[in-house]
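Accompanying notes for the structure given below.
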Amino acid sequence: MDWTDEGIILGVRPHGETASVVELLTRAHGRHLGLVHGGRSRRMRPILQPGNHVEVSWKGRLAEHLGHMALETRRAFAAEVMDHPMPLAGLATLTTLARLLPERDPHPSLYEVSLFVLGYLDEPEVWPALLVRWELALLEELGFGLDLAACAATGANDDLIYVSSKSGRAVSASAGEPYRDRLLTLPPFLRGRSQGSVSQSDLAAGFALTGHFLETRILVPRGETLPEVRGRLTDMLMRTRKPADIVALARNG
């Protein structure tokens, strides 16, 4: 059997002397692996870089086989950010965390959001907040979405500034005040879809929020931790932004 699709390269590992096993997030076939003959050649190495957007043709005798892939570049996102540490770390964070998705289970909405984020890696005022939203979308796709629409205690949908670290539900300022030390911060840019601004502290709160639930609900039960590259990314974001800096969020994803 065979199929054609498009995908984002998530990872590459050598196989034998000249081939590579490539892991993709495809639009219609989910996270999928395949063997690329000559994948370690000088011609193929620039194509087989995590984060690149590619056309893929897959062939295998049976659907459950590893199969063989032929790839062509649509957009070389990896090359575009190779000399820029922060967007490169953002790209690596996205491709590493996307490998948490079950194999061959389609997630077309997350695929589209992934391309959207990668397309803004050259706009530093936009992509960090988009990456936080992408992590929220990943949690949703994995069955652990957060409920940020209304207060868990009162049902009201205004003045939501906290998130329960246990239930993943939003909490209003008044209901959460007695327990504020045990609650996570819900930054303004995650409270609705309206345009606004994202400060350094907002970004820190956003990454802390998604990081907590990625760890407690997905990674720790697997005996894993957050990727090292994600820690480097958040460290760089906090070092390079002054507390008074306000970053315009042009788009909300």
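The values are calculated or read from the model by the stated rules, or taken from the named source; none is laboratory data. Predicted, not measured: the structure shown is a model, and the values here were computed from it. Note that we place each Cβ from the backbone using ideal geometry, even for glycine, and neighbour counts take in every protein chain shown. For the accessible areas, the whole protein counts, side chains as well, though only heavy atoms, and no ligand, DNA or RNA atoms are used. Shrake-Rupley method; radii C 1.70, N 1.55, O 1.52, S 1.80 Å.
Some points to look at:
- Pairs are defined by a Cβ separation below 8 Å, a sequence spacing of at least 6 or placement on different chains, a first member in segment 119-142 that is within 17 Å of Gly211 (Cβ to Cβ) and modelled with pLDDT under 95, and a second member that is of a type in the set (A, V, I, L, M) and not in a helix (DSSP H, G or I); no pair meets this definition.
- Scanning segment 1-18 for residues that are of a type outside the set (Asp, Glu), open to solvent by 20 Å² or more (accessible area, probe 1.4 Å) and part of a strand (DSSP E or B) returns Trp3, Thr4, Val12, Arg13, Pro14, His15.
- The lone exception for Glu64 - which of (1) under 23 Å from Glu224 (Cβ atoms); (2) without any contact (Cβ under 8 Å) to a residue 12 or more places away in the chain it fails: (1)
- Among the candidates Gly192, Gly155, Gly145, residue that is out of contact with any strand residue (DSSP E or B) (no Cβ under 6 Å at 6 or more places or on another chain), open to solvent by less than 70 Å² (accessible area, probe 1.4 Å) and within 26 Å of Ala89 (Cα to Cα): Gly145
- Selection of segment 28-45 for residues being small (Gly, Ala, Ser), crowded, with 18+ Cβ neighbours inside 10 Å and part of a loop (DSSP other than H, G, I, E, B) yields only Gly39.
- Residues that are open to solvent by 60 Å² or more (accessible area, probe 1.4 Å) and part of a loop (DSSP other than H, G, I, E, B), drawn from segment 106-142: Pro106, Asp122, Pro124, Glu125
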